[in-house]
1. In the stretch 1-83, what is the volume of the convex hull around the alpha carbon atoms, normalised per residue and reported in Å³?
2. Read phi for every residue in the stretch 4-13 and hand back ³J(HN,Hα) as whole Hz from Karplus 6.51 cos²θ - 1.76 cosθ + 1.60, θ = phi - 60°, with x for Gly and Pro.
3. Restricting to the stretch 100-211, what percent of DSSP beta bridges are antiparallel, rounded to 5?
4. Can you compute the charge dipole magnitude of the stretch 96-190 about its Cα centre, using +1 on each Lys and Arg Cβ and -1 on each Asp and Glu Cβ, nothing else charged? Give it in debye, rounded to the nearest 20.
5. Amide H of Ile15: which non-local residues (sequence gap of 5 or more, or other chain) have their own amide H closer than 5 Å, using H built in the peptide plane?
6. Where does each of Thr114, Thr158 land when they are ranked from fewest to most other beta-carbon atoms within 10 angstrom?
7. Where the only charges are on Cβ atoms (+1 Lys, Arg; -1 Asp, Glu), what is the dipole of the chain about its Cα centre, to the nearest 20 debye?
8. Which pairs break 22 Å Cα to Cα here: Lys96/Lys130; Lys59/Lys130; Lys59/Lys96?
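Please treat every number below as a calculation from the coordinates, not as lab data. On a predicted model such as this, the values are computed, not experimentally measured, just so you know. Please note: Cβ atoms are built from the backbone with ideal geometry, for glycine as well, and neighbour counts cover all protein chains shown.
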Amino acid sequence: EGTVLRDYLRLAPVIPVVTITDARISIDLAHALVRAGLPVIEVTLRTSAALDAISAIAKAVPEAVVAAGTVLAKSQIRETIDAGAKFIVTPGTPPKLAQALSEATVPVMPGCTTVSEAMALADMGFSHLKFFPAAVSGGVAWLKSVHGPLPNLLFCPTGGIDRASAASYLSLPNVACVGGTWITPADAMRSGDLAEIERLARDAASLRGQT
Ligand code: 3PG
């Protein structure tokens, strides 16, 4: 399972974190992101359209690796897998949710903010963690500091990262990729400006990861 997730996270330096309010845009959006070189897409479960969007992308855009993000409750694990999510992302991972996630049939990238949380998740077998909210929780300096004591963990820092700060995260040996919403800004999503999104995605794809 760790290997599958590692392979997904190697596909692109940036995971667009996308909130979709109208599922009708999802297939064209996924095509645009894939074309631009960002095939790994985290669709947040923050809207009623999210599961339909995941399912549409999973069915119609096989080149995309669609993940379910903002998974907060145990019940959402089965729903997202049934919709076709290739992996699951959480913003934080309280113990009961971590236990349920450890039994999921797809790979999971659980969220953490502290060393103790990272250690607890590593102890359960998780090897790739979302470091969230990255920028306000120590950012690049935090990641540099934990690489010594926790050399086997890889992170996807997300939260407050933009085009300008992404490169400094991606230069770190324990960063697999970064996540962010700057590729799919709310106004471009609202107006369906896929040309602008594709431009931002191409620019993000030109950043390079380490692992
Ligand atoms: C997430 O769920 O990962 C965050 O909402 C990312 O948002 P940001 O990249 O705009 O901080």
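1. 90 Å³
2. Per residue, the Karplus-derived 3J(HN,Hα) values read 4, 5, 4, 5, 4, 6, 7, 5, 7, x Hz.
3. DSSP beta bridges in the stretch 100-211 are roughly 0 percent antiparallel.
4. Using Cβ point charges on Lys, Arg, Asp and Glu, the stretch 96-190 gives about 140 debye.
5. Under 5 Å from the amide H of Ile15 lie the amide H atoms of Val178, Gly179, Gly180, each far enough along the sequence or on another chain.
6. Sorted ascending by nearby Cβ count, the order is Thr114, Thr158.
7. 260 debye
8. As for pairs spanning more than 22 Å Cα to Cα, those are Lys59/Lys130; Lys59/Lys96.
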